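A short reminder: the numbers here are calculations on the coordinates, not readings from a lab. Note that this is a predicted model, so its numbers are computed, not measured. Cβ sites come from the backbone with ideal geometry, for glycine too, and all protein chains shown count toward neighbours.
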Amino acid sequence: MDLGIAGRRAAVAAASRGLGFEVAAALAAEGARVAMCGRQRDTIEAAARRVGQGALPLVADVATPASAGGFVRAAADALGGIDILVTNAGGPPAGTFASTDLAQYQTAFELNCLSVIAMCDVAVPAMQAQGWGRVVAITSIAVREPIATLILSNTARAGATGFLKTLAREVAPDGVTVNSLQPGLHDTDRVRELHGGDPDALTGGIPAGALGDPGDFGAVATFLCSAHARFITGAAIPIDGGAYAGLL
């Protein structure tokens, strides 16, 4: 299937590894012109070489609104504009209510909520003006079902999801779609770091019987960026192998 995004200009945040990398790779494979960012030059340049297809590495840390917005501006300058925005960021430290200081919420909110807003603030008005755009945010299944010991992520990503749903309804008449993907457990470095490095120990609660393949996640994200997904907007889609048991 031709996804209709060859030549489209895409900015993918936090793409040196994990799910962000796989989204960048999948977009590039469909012919999109991709700018991808990471915090360290050597790491993001190596990732861009792996993606190939002329992927452009940019050094940026999206942990604050200023730096997140700066990445999108740099990507737009390099590509001549942005048609596709994929927001992404690493997760905050694990913790419970009892173990988490109040100040940590501000840091987590900037990382996983305000960074999303800042990136959209830069990219979306131009998408509206040109009558076409795609925003896909990588959040977490924790938005639907909070994960124990991840109180910071649970809180900040839920806020981002509320923003994205509201934005989607406002910009839909302008040809811009806004969706989020809620990954469950995928075989990434982040999951291994949080859970002791043993993926086989994590599959008991996943009906599919295995951790998610990050490449499959990238393919789903890329479809949401496609011409065919023009009528999907405001959606928050779990990608978790059936782990989430709720009806809604």
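Quick notes
- One equal scatterer on each Cα of region 5-119, no solvent, Debye formula: the resulting log10 I(q)/I(0) at q = 0.10, 0.15, 0.20, 0.23 Å⁻¹ is -0.29, -0.60, -0.96, -1.19.
- Highest average packing first - 144-152, 97-105, Cβ atoms within 10 Å: 144-152, 97-105
- Computed over the alpha-carbon atoms, region 96-176 gives an Rg to Rh ratio of 1.07, Rh here being the Kirkwood radius from the mean inverse distance.
- Legend: ranking of residues 21, 109 from fewest to most surrounding C-beta atoms inside 10 Å; resulting order 109, 21.
- Helix screen, the chain: DSSP H segments with Cα axial length of 20 Å or more and mean Kyte-Doolittle hydropathy at least -0.5 are 65-79, 115-130, 151-171.
- Relative packing of 81-91, 232-242, which averages over residues the other C-beta atoms within 10 Å, highest first: 81-91, 232-242
- Per-selection Rg to Rh, region 56-146 - Cα, Kirkwood hydrodynamic radius: 1.04
- Value of [θ]222 nm, deg cm²/dmol, for the chain, DSSP H segments ≥ 4, -39500 (n - 2.57) each, nearest 500: -12500 deg cm²/dmol
- Per-bin percent of Cα-Cα distances, the chain [5 Å]: 1, 7, 14, 19, 21, 18, 12, 6, 2, 0, 0
- Residue order, fewest to most beta carbons within 10 Å, for 217, 223: 223, 217
- All Cα-Cα distances of region 174-248, cut into 5 Å bins from zero to the largest, leave 3, 14, 23, 20, 17, 11, 7, 3, 1, 0 percent in each bin in turn.
- Counted by neighbouring Cβ atoms within 10 Å, the residues 186, 228 run from fewest to most as 228, 186.
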